[in-house]
Amino acid sequence: MFKLITKILKFISENMTLGKFVRSAIVLIISFVLFIQPVYSVDYTKADLKESDFSRQDLAGSTFNKTNLRSSDFSNSNLQGVSFFGANMDSVNFEGADLSYAVLDSSRLTRANLHNAVLEGAFATNTKFEQANLDGADFTDVLLRRDVEDKLCEIASGKNPVTGRNTRDTLYCP
């Protein structure tokens, strides 16, 4: 994030007068402060959080082990390294979420929306994905049982807009 801000400020400084640069920099900084709302690593183990709204949050490193998250919204959230071990995530919305290196083992993702989600490097053995929307999901290096992988290949489609990878390719579908 810091590198992005630095690049934007450099571009602005090269293409604007000092007064415009200062005003633009202030607006940019205020925008980041107002619109990015990080939630620090929290342990929600065994909580009942059904229908909760975690959309657009930075939950990296948090723990949701054995938590009831049915019908919750995690769309466009940073969930890198989050542990959802044994969680009930029936009908959860993960659209556009970054689940890189997350622990999904023994969790239930039935009817979950994984549209354009990034699951790169996630651990998902014994995870149930029945009736999940996988359109555009990136499963690169996700640890899955072979039978689960085969079932996912039957419904996999789309290309992830963030990584540019085809869902079927990331699942090694024939």
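Under the classification rounded if a/c is under 1.5, otherwise prolate if a/b is larger than b/c and oblate if not, where does region 40-107 fall, given a ≥ b ≥ c as square roots of the Cα gyration tensor eigenvalues?
Cα axes put region 40-107 in the rounded bin.
Hey, what do the phi angles of region 124-141 turn into as Karplus ³J(HN,Hα) couplings, whole Hz, using 6.51/-1.76/1.60 and θ = phi - 60°, x for Gly and Pro?
Result, ordered by residue: 9, 6, 6, 8, 9, 10, 3, 6, 7, 8, 9, 4, x, 6, 10, 9, 4, 6 Hz.
Can you find, among PHE139, THR127, THR170, the residue sitting farthest towards the positive end of the charge dipole of region 87-174, where Lys and Arg contribute +1 and Asp and Glu -1 at Cβ?
Projecting each Cα onto the dipole axis, the largest value belongs to THR127.
Using R₀ = 30 Å, calculate the FRET efficiency as 1/(1 + (r/R₀)^6) where r is the Cβ-Cβ separation of ARG56 and ARG145; round to 0.05.
0.40
Within region 50-77, find all residues whose amide N lies under 16 Å from a label point positioned 7 Å from the Cα of GLN131 along Cα-to-beta-carbon.
70-72
Determine ³J(HN,Hα), in whole Hz, for all residues of region 50-57 in sequence, where each value follows from phi through the Karplus function 6.51 cos²θ - 1.76 cosθ + 1.60 and θ = phi - 60°; x replaces Gly and Pro.
For region 50-57, the Karplus-derived couplings read 4, 6, 7, 10, 10, 5, 6, 10 Hz, x marking Gly and Pro.
Excluding LEU59 itself, what net charge comes from residues whose Cβ is under 14 Å from its Cβ, given Lys and Arg +1 and Asp and Glu -1?
In short, -4.
Once the other residues with Cβ under 13 Å from the Cβ of THR170 are scored (Lys, Arg +1; Asp, Glu -1), what is the net sum?
-3
Can you check what the net charge comes to around ASN113, using other residues whose Cβ is under 11 Å from the Cβ of ASN113 (Lys, Arg +1; Asp, Glu -1)?
Cβ neighbours under 11 Å give a net charge of -2.
Would you mind classifying region 115-174 by shape? Square roots of the alpha carbon gyration tensor eigenvalues, ordered a ≥ b ≥ c; an a/c under 1.5 is rounded, otherwise it is prolate if a/b is larger than b/c and oblate if not.
Cα axes put region 115-174 in the prolate bin.
Rule-based calculations on the coordinates, nothing more; no lab input. No experiment lies behind these values; they were computed from the predicted model shown. All Cβ positions, glycine included, derive from the backbone under ideal geometry; neighbour counts span all protein chains shown.
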